[in-house]
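A quick write-up on the structure given underneath.
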Amino acid sequence: MLKDGTYAAWYKTPLDQGTGIVHVADGQIWGRDSLMTYHGSCKIDGDRFTATVSTKRHTDGRATVFGVEDDLTLEIEGTCPGKIATYTATAGQAPGVVLQGTLIRTEQPQPAPEPTGQIPPFNPDRLPKLPKRSR
């Protein structure tokens, strides 16, 4: 199941490939990569999900992985049986080009436990001693 959280994204078409970051929360999906920002909505049904995502260019200079310069509207279908989702996407602005992608959910670090007692003062005399070396 595609859970709310942050995902590392990897995607490719026959023309190019890229990486980005994707956030999913409360039926919304948004993110960014080196060329575009994207946002849209997603529907989750068990292990399957669909999304419609609009992209907006933030950096000029090269074509998207779909081979076009335009902003895009992506139609996405995928599955997520665990922490890794796979999906395909198409864009009406690039007929016939299919994007394949992978989303990997990032783990949030657990907060450090609160100290339970007082920390003893530092005493360098209690450190282990290195053996003496002969010269």
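Bear in mind these aren't lab numbers, they're just calculated from the coordinates by the rules spelled out. The shown structure was predicted, so the numbers you read here are calculated from the model rather than taken from an experiment. Every residue, glycine among them, receives a Cβ derived from its backbone with ideal geometry; neighbour counts consider all protein chains shown.
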(message) Taking only Cα atoms of region 1-80, what ratio of Rg to Rh do you get with Rh as the Kirkwood inverse-distance radius?
(response) 0.96
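Could you compute the FRET efficiency for ILE84 and GLU114, with r as their C-beta to C-beta distance and R0 at 30 Å, rounded to 0.05? Before the final figure, lay out the partial values.
Details: r = 33 Å, r/R0 = 1.11.
So, using R0 = 30 Å, E works out to roughly 0.35.
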(request) Check each of the trypsin sites (Lys or Arg not before Pro) in region 1-55 and keep only those in coil by DSSP with at most 13 other C-beta atoms within 10 angstrom; list them in order. (result) LYS3
(message) Using the basic label-point model (7 angstrom from Cα toward the beta carbon), what is the HIS58 to GLN28 distance in nanometres?
(response) 1.6 nm
(message) For the chain, I need the span (max minus min coordinate) of the C-alpha atoms along each principal axis, in Å, sorted largest to smallest.
(response) 75, 42, 25
(message) To make sure I understand the rule: partners must be lysines, Cα under 19 Å from the Cα of LYS83, and not fewer than 8 residues away in the same chain. Which ones qualify?
(response) LYS3, LYS43
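Could you give the size of the charge dipole of the chain about its Cα centre, using +1 on the Cβ of each K and R and -1 on the Cβ of each D and E, expressed in debye and rounded to the nearest 20? Spell out each step's value before the answer.
On the way: 15 positive and 15 negative charges, 249 e Å.
The calculation lands at about 1200 debye.
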